[in-house]
Ligand code: UDP
């Protein structure tokens, strides 16, 4: 939202806050220096979703982020993932069609590649059997966008395959806010700050350089900027096809152990971790070939691994300072 606003877009948010929080919107407002409007609407409810389109007849595009994103949760509760991630998409596309809003950006994920045969993986790789229901919702979401755009020639979409988004806004006014996150970086920062006693590394017997899984971590600020560029790309009509896929990754594969080492270095904290069993649904390794986003969208990942860890850590520290202030009052 911040990146869009800083690039001249007028933005409204539609978020039922089931996983987000008003605090993030307040953070956005502080950074951009003006109010932003949120409709507290569940996109799985078609009528409520339509009401947003009716109230905003001048929409130029939609960025669809609304999805649950935890691999282990999706393994435990697959129907919850199919219901939320797919119904919201179908409703939004239906509204886009009815109200003639034709520029669409979809949040996809590198999990669609499964255990890719060739690394770094590029967008032409055929998609393997997904390793989790979450990954399947992203494969299905892409297929839905693709079928829909084939049928509706005015409609154009970019599907952005995020690798592993991490880090926080450099102001420390916005970041990940979950009580019990399951993603690696917030688990690391929560362990370091003492919210958790220890953390586990899920498997050190993978066929990788140090036995832990390899991922491509990418700063949320870089991810945000790619959305602005993707929207501009569509609005300017620079796309040759009306449904195009882009990898959003740094291009670097980093193991869990390497990430922990990077965190320990920038934070000066020794992390209390132990090695546990593999986590169901995890792929062994994946990292991006990001040439397409660089050439076509003019996008470059600007933040390095240290900056990813540093902003994530600063965010955790900011949360701590805040809760201490609340206690004092
Ligand atoms: N991971 C871990 N311990 C944790 C959380 C994650 O070892 O407490 C590992 C996980 O097995 C995976 C990597 O960290 O190899 C990234 O996991 P995350 O959930 O952040 O993202 P994913 O790649 O599943 O989307």
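Bear in mind that the values in this text are calculations on the coordinates, not laboratory data. Computed from a prediction, not measured in an experiment: that's the story for all the values here. Cβ placement follows ideal geometry from the backbone for every residue including glycine, while neighbour counts extend to all protein chains displayed.
Structure notes:
- Maximal additional length on extending the residue 271-residue 56 stretch stands at 72.6 nm, based on 0.36 nm per residue less the C-alpha distance.
- Inter-centroid distance (Cα atoms) of segment 273-292 relative to segment 128-201, Å: 13
- Modelled spin-label separation between residue 126 and residue 179, with each label point placed 7 Å from Cα along the Cα-to-Cβ direction: 4.6 nm.
- Tilt relative to the chain, helix 184-193 - C-alpha long axis, 0 to 90 degrees, to 10: 50
- Principal-axis analysis of the Cα atoms of the chain puts helix 46-55 at an angle of about 70° to the longest axis.
- Inter-label distance, nm, simple model (7 Å from Cα along the C-beta direction), residue 241/residue 77: 3.5
- Mean separation of Cα pairs under 8 Å and 6 or more residues apart, divided by the residue count, gives the chain a relative contact order of 20 percent.
- 10, 42, 58 arranged by Cβ crowding within 10 Å, fewest neighbours leading: 58, 10, 42
- Going from the residue with the fewest nearby Cβ atoms within 10 Å to the one with the most, 206, 217 rank 206, 217.
- You can think of it this way: the chain between residue 32 and residue 306 has 96.1 nm of extra reach, that is 0.36 nm per residue less the Cα-Cα gap.
- Degrees between helix 133-151 axis and first principal axis of the chain (Cα, 0 to 90, nearest 10): 20
- Quotient of the Cα radius of gyration of segment 146-247 and 2.2 N^0.38 Å, N being its number of residues: 1.46.
- Helices in the chain, meaning DSSP H runs of at least 4 residues, each add -39500 (n - 2.57). Divided by all residues, the mean residue ellipticity at 222 nm is -13500 deg cm²/dmol.
- Extension gain, residue 143 back to residue 94 (0.36 nm per residue minus Cα-Cα distance, nm): 16.1 nm
- Cβ-based exposure ranking for 43, 173, in which fewest neighbours within 10 Å come first: 173, 43
- Distance distribution note for segment 1-125: the fraction of Cα pairs above 27 angstrom is 28%.
- Rel. contact order, % - alpha carbon contacts under 8 angstrom, at least six apart, segment 196-329: 37
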